[in-house]
Amino acid sequence: MNQVLSLVVPALLLPAWAVRGRYGPAAVTTALGAVSVAVSVTLWLTGRWVESDRWAGAVGLAEVAALLLAVLLTLRAQDGPRCAAAAWTACGAVTLWPSRFLYIEGPADTLTLFGFGSMLSLPTVLIGLYLRGLDDGRARAVAEARRAQRLELAHDLHDFVAHDVSGMVAQAQAGAYMAAIDPARAAEVFERIEQAGQRALASLDRTVQLLRSEEAGGRSPQPGLAELAQVADQFTASGGAEVRLELPEGPVPREVEGTVHRIAVESLTNVRRHAPAARTVEIRARRSGGRLELTVTDDGGALAPEGRPRRGGGSGLPGLAARVEALGGSLEAGPYAGEGWRVRAVLPLDTTVGGSERSRPERSQGPMRVGTGEVRG
């Protein structure tokens, strides 16, 4: 009659599986292991099975397999003391299962039980921990990819939105002055302010859409060298310095194009913030062997209208320097020809070897202006 006890744990499998979402796999595994141990202890008291009880043995093997599967799933899904307690309880139940047939008489029988339990439990535990490690690695990779995407979007906001907003501020200051002496020209200035505001809003809308989306595949192509002419025209038309642009002929890798565009936009933004008295800005991108050399030079280093360096920000050029170095290039910025300022970047045109230590030039230790005045590095 006690053979009916072999059905207790299998009968609990479906209810336990149904409540695993509410109580967690560790609690379910602990409960199944405790019930299995209770069945073994009951058989010790009421009488063990004999080898001829084949169906009880077959159901018992299914019980052992279910316990081991529960341990594996628990170790994969959870961590901590509850998980350890569940694994110990279920693996202990597996170890005691042969005692339903075998009387424990001396160290030899104890060693037999220990060997049986270890042979089945140890591989299960190792597989569960290995699968959890894989899951954790995938989770870290996804988190790192999302973090990198957010940083890229933050750079987009800084490079493009800050450029448009700083232009709007400069034009608004000019428009307030022109409104009193030349209303017609003031109207043109305010129209350009509206256009810059629309561009900034469009950049914000794209960024918000990307942040809301689960995949980055819908991201639109980033601006390159072809868009620099429009940027230069808009900067000149906004009442800033005259921009003289020189671009290389022939194709340029897309990564290099996007980086050159970002450096140029950031440099123009810094000119507007920190050198409002500048009259000319020269942007030159030239091929030199297997590299592209970009220089952005302005002729005036006047301070902001308040008469002191503007505080705040400071993430523009350092972020671009890291991007340039990732491509195997170098970026430096510092005073040039008196009151002027020059940003110089050298990027390899063969970006497939940009990340190797052999192709990476020595990092510049010169001064750098980082959107907040002058920083010596």
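The values are calculated or read from the model by the stated rules, or taken from the named source; none is laboratory data. Keep in mind that this is a model prediction, so the values were computed, not measured. Note that each Cβ is placed from the backbone with ideal geometry, even for glycine, and that neighbours are counted across all protein chains shown. Just the protein is used for accessible areas: all its heavy atoms, side chains included, with ligands, DNA and RNA removed. Shrake-Rupley method; radii C 1.70, N 1.55, O 1.52, S 1.80 Å.
Each row is one residue, and each column tells you yes or no for (1) buried (at least 18 other Cβ atoms within 10 Å of the Cβ); (2) among the hydroxyl-bearing types (Ser, Thr, Tyr); (3) closer than 19 Å to Leu122 by Cβ.
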residue: Gly24; (1), (2), (3): no, no, no
residue: Ser40; (1), (2), (3): yes, yes, no
residue: Leu45; (1), (2), (3): no, no, no
residue: Ser52; (1), (2), (3): no, yes, no
residue: Leu61; (1), (2), (3): no, no, yes
residue: Leu67; (1), (2), (3): yes, no, yes
residue: Leu75; (1), (2), (3): yes, no, yes
residue: Asp79; (1), (2), (3): no, no, yes
(message) Step by step: first the residues of segment 135-164, then only those that are at pLDDT 80 or above and open to solvent by less than 50 Å² (accessible area, probe 1.4 Å), then the one that is farthest from the chain's Cα centre (by Cα). Which residue is that?
(response) Asp135
(message) Checking Arg132 against (1) at pLDDT 80 or above; (2) in a helix (DSSP H, G or I); (3) open to solvent by 50 Å² or more (accessible area, probe 1.4 Å), only one condition comes out false. Which one?
(response) (3)
(message) Suppose we keep only residues that are among the β-branched types (Val, Ile, Thr) and open to solvent by 10 Å² or more (accessible area, probe 1.4 Å) within segment 244-301. Which one would you say is nearest to the chain's Cα centre (by Cα)?
(response) Val252
(message) Can you say whether Leu96 is surrounded by 15 or more Cβ atoms within 10 Å (Cβ to Cβ) and of a type in the set (A, V, I, L, M), as far as the supplied structure shows?
(response) yes
(message) Between a residue in segment 127-143 that is over 14 Å from Gln78 (Cβ atoms) and any residue that is surrounded by 11 or more Cβ atoms within 10 Å (Cβ to Cβ), which pairs come within a Cβ distance under 9 Å, given they are 6 or more apart or on different chains?
(response) Ile127/Leu72; Ile127/Leu75; Ile127/Arg76; Tyr130/Arg76; Leu134/Arg76
